[in-house]
Amino acid sequence: MRSADEAINIYCMVTEDYEKGCIDQKQLAEKYGISEEAVRWCTQYYGYCHTKAKDGKNPLIESDRIEELRRLL
């Protein structure tokens, strides 16, 4: 299983491509060597990559959600 940092990096790369208009999940999965299910997870939680809570922490990292992504990767 990948580390939380690796999962966040993949998440950010996928969502950046998604933001640029690349919405083909199969293409994104192939580009990053991950499953289409992991790509769907990333796009479902789109927007958390650069979000910071009042305490400066990323809510994706601080929640159990990142563990879900780690399992999918």
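Quick notes
- Between Ser63 and Tyr46, full extension at 0.36 nm per residue minus the direct alpha carbon distance yields a gain of 4.6 nm.
- Difference of contour (0.36 nm per residue) and Cα-Cα distance, Arg71 to Asp24: 14.7 nm
Coordinate-derived values only; no laboratory data. A quick note: this is a predicted structure, and the numbers were derived from the prediction, not measured.
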